[in-house]
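Just so it is clear, none of the values below were taken in a lab; they were calculated from the coordinates. All values reported here derive from a predicted model rather than from experimental measurement.
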Amino acid sequence: MRFCLLSLQVMFILFFAISAKAETIEVEIFKSAFIPAVVKVEKGDVVRWINKEEVLHTVTSGKSPIHDEKFNANFLVKEYEIKIDGAVGVIDYFCAIHNATMRGVIVVVDKK
């Protein structure tokens, strides 16, 4: 009987640990653009930017050209990532070097 209860507890823990796993959403930086420019994520997910160019870029939160201090990766050479823990809504971001053309949006929704 104890073994059966212990097995049920382990299965319960494993089920919720697997189903609660955060996803990683990738945004490529290529030809001075964020691809895709708009991503939809759930709270707790991770957004990873990957610079595919030799050109330096930033990933700066806020409405271009105003940085809102939520996150900032200066002179991104390869990769940068953040975990989305904030409120449901929209997070704007841009490249501070190319702020006239490089902009993106993260749409944050509640976990399903």
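The calculated pair-distance distribution of region 22-109 uses every alpha carbon pair, bins of 5 angstrom beginning at 0, and gives 3, 17, 29, 28, 17, 6, 1 percent. Pairs Lys43/Lys83; Lys21/Lys83; Lys43/Lys78; Lys63/Lys111; Lys83/Lys111; Lys21/Lys112: which are spaced more than 19 Å apart, C-alpha to C-alpha? In this structure, Lys43/Lys78; Lys63/Lys111 exceed 19 Å between Cα atoms.
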